[in-house]
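Below: the structure, in structure tokens.
The values are calculated or read from the model by the stated rules, or taken from the named source; none is laboratory data. These figures come from a predicted structure and were not determined experimentally. Here the Cβ positions follow ideal geometry from the backbone for every residue, glycine too, while neighbour counts run over all protein chains shown.
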Amino acid sequence: MIPYGRQSVSEDDVAAVVEVLRSDFLTQGPAVPRFENSVKQWCGASHAVAMSSATAALHIACAAMTVGPGDLVWTSAVSFVASANCARYCGAEVDFVDVESDTGNMCMDHLEEKLADCRANGGLMPKAVIPVHLTGRSCDMHKLAGLADQYGFSVVEDASHAIGGNYRDHPVGSCTYSDVAVFSFHPVKVVTSAEGGMAVTNNPDLAASMRRLRSHGITREPNDMVSPSHGPWYYEQIELGWNYRMTDLQAALGTSQMNRLAEFVDARHRIAQRYGKLLPELPVHLPPPEREGRSALHLYPIRVDGRRGSAERRVVFEHLRARGIGVQVHYIPIHLQPYYKELGFRSGQFPQAEAYYADVISLPIYPDLTDADQDEVVAVLATAVSG
Ligand SMILES: *Cc1c(COP(=O)(O)O)cnc(C)c1O
């Protein structure tokens with residue numbers, strides 16, 4: 001089986017994890033701050049807080065912004081469910097913004113219109129907006145930051161796909177246009193720590209709050225304490241947090257992987273360029289060209305719309321899967337999930353998201369994918385689209 005994505009683990013990665021296993025700390029040791037520094041330096045952000053997953057990091061980012069009951073959070077209709085669930089964990093309401101038809105990224109024109117309508121109708125305005133850099137391609141953050149200023153909402157980037165990418169002259173995660181950005185280190189993503197996530201920010205208060213919330217809401221900072229210290233053992237729980245810590249094993253793997261981030265993204269671009277040469281023969285649509293920066297290319301989505309002499313998406317998908325090509329669909333729009341339908345969402349509400357979902361397929365792309373693997377993907381796809 002050739003999967004749509006998979007990790008690339010080197011002997012250096014293995015050695016880095018083994019070294020932690022033989023050390024004094026399996027968790028809460030020196031490896032986590034080391035990983036945080038390496039991501040922070042890559043992005044040029046001032047603070048980084050590692051967590052057990054991107055889902056945990058999105059939850060903590062919302063909590064640190066005091067998102068709670070009575071608040072509203074907007075995210076993209078085309079994403080993994082975690083982009084919306086993070087606000088639900090905080091007791092907030094969620095609404096969605098429709099996407100650009102070609103990239104699947106949050107459509108800033110739709111967002112602008114929705115904000116204006118909401119204000120004109122006296123509706124509840126969003127406290128935070130969570131754009132998702134789908135497939136590793138940054139959203140139009142400049143436009144989003146302008147709207148955030150105008151309407152007074154916070155911006156949390158779900159950059160789970162996008163570490164190693166750029167927006168204009170900034171690495172994704174610089175937080176030049178946002179309050180917080182969140183990365184995922186799940187094995188299918190660009191860099192892995194097995195499970196893991198990280199929030200980066202330039203706001204010291206948000207960073208301190210996220211650090212506290214990651215570990216039960218406990219502080220050891222005398223300045224944050226309510227009472228005088230009882231002694232050197234003393235700590236205070238000053239709010240309700242979680243145990244969302246990353247282990248040192250995970251962090252050591254992540255730090256070692258960061259040494260190859262540039263190489264990983266280059267390899268993904270090489271594969272994408274090769275698809276760009278091989279696929280135009282076939283009746284499928286390729287991803288749109290890059291506009292305002294370099295994608296991290298977590299995914300390589302093609303569109304198979306059953307026109308131009310191609311078979312239907314489902315037929316093509318099943319054909320590929322049956323022949324060992326582990327394609328996937330990213331994503332079923334979140335508002336179509338039964339949990340969200342139960343909250344009142346319905347099909348037809350975000351037509352561009354539904355149209356994107358109708359014909360998208362993610363082809364295999366990962367650093368260790370060989371030319372021979374890729375030729376096989378293209379050959380099987382060629383027979384698949386012809387029915
Ligand atoms: C993978 C992913 C997440 C969740 O990441 P975990 O680290 O698995 O929690 C959130 N959002 C998007 C867009 C993702 O692709």
Subject >> The lone exception for ARG212 - which of (1) touching a residue at least 60 places away in the same chain (Cβ under 8 Å); (2) surrounded by 14 or more Cβ atoms within 10 Å (Cβ to Cβ) it fails >> reply: (1)
**OP:** Collect the residues in the range 340-353 that are touching a residue at least 40 places away in the same chain (Cβ under 8 Å) and out of contact with any Ser or Thr (no Cβ under 6 Å at 6 or more places or on another chain), keeping them in residue-number order.
**Re:** TYR340, LEU343, PHE345, GLN349, PHE350, PRO351, ALA353
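For the range 1-18, which residues satisfy the criterion of being in a helix (DSSP H, G or I) and either hydrophobic (A, V, I, L, M, F, W, C) or under 15 Å from SER193 (Cβ atoms) (or both)?
Passing the criteria: ASP12, ASP13, VAL14, ALA15, ALA16, VAL17, VAL18.
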Subject >> Failed criterion for THR135 (all others in (1) away from the ligand (no atom under 16 Å from the Cβ); (2) at positive phi hold) >> reply: (1)
**OP:** Give the range 25-79 a look and list any residue that's buried (at least 22 other Cβ atoms within 10 Å of the Cβ), closer than 14 Å to GLY91 by Cα and not hydrophobic (A, V, I, L, M, F, W, C), or say none.
**Re:** HIS59
**OP:** State the number of residues belonging to the range 36-88 that are of a type in the set (A, V, I, L, M, F, W, C), within 17 Å of the chain's Cα centre (by Cα) and assigned to a helix (DSSP H, G or I).
**Re:** 14
**OP:** Kindly indicate whether any position in the range 105-112 is in a strand (DSSP E or B), at pLDDT 95 or above and of a type outside the set (S, T, N, Q).
**Re:** yes
Original post:
Within the range 152-202, can you find the residues that are within 13 Å of the ligand (Cβ to nearest atom) and outside any loop (DSSP other than H, G, I, E, B)?
Top reply: VAL156, GLU157, ASP158, ALA181, VAL182, PHE183, SER184, GLY197, MET198, ALA199
**OP:** Go through the range 95-132 and count every residue that is within 14 Å of the ligand (Cβ to nearest atom) and either free of Cβ contacts under 8 Å to residues at least 40 places away in the same chain or surrounded by fewer than 23 Cβ atoms within 10 Å (Cβ to Cβ) (or both).
**Re:** 2
Subject >> Test: ILE332 is crowded, with 16+ Cβ neighbours inside 10 Å and of a type in the set (Val, Ile, Thr) >> reply: no
Original post:
Name the pairs: first residue in the range 39-65 and free of Cβ contacts under 8 Å to residues at least 60 places away in the same chain and within 11 Å of PHE183 (Cα to Cα), second residue of a type in the set (Ser, Thr, Tyr) and more than 9 Å from the ligand (Cβ to nearest atom), Cβ to Cβ under 7 Å, at least 6 apart or on different chains?
Top reply: none
Original post:
What residue, among those in the range 350-373 that are within 14 Å of PRO287 (Cα to Cα) and among the aliphatic types (A, V, I, L, M), is surrounded by the most Cβ atoms within 10 Å (Cβ to Cβ)?
Top reply: LEU363
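Out of all the residues in the range 292-310, is one or more assigned to a helix (DSSP H, G or I) and not charged (D, E, K, R)? Explain how you work it out, then say what you get.
Filtering the range 292-310 for residues assigned to a helix (DSSP H, G or I) gives none.
Checked the range 292-310: no residue is assigned to a helix (DSSP H, G or I) and not charged (D, E, K, R).
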**OP:** Read through the list (1) crowded, with 16+ Cβ neighbours inside 10 Å; (2) away from the ligand (no atom under 16 Å from the Cβ), then give the number of the only condition that LEU297 fails.
**Re:** (2)
Subject >> Selection status of TYR356, outside any loop (DSSP other than H, G, I, E, B), closer than 30 Å to PRO171 by Cβ and either touching a residue at least 60 places away in the same chain (Cβ under 8 Å) or in contact with a strand residue (DSSP E or B) (Cβ under 7 Å, 6 or more places away or on another chain) (or both) >> reply: yes
**OP:** Output the number of the condition that PRO283 fails; it satisfies all remaining conditions of (1) closer than 15 Å to GLY136 by Cα; (2) modelled with pLDDT under 95.
**Re:** (1)
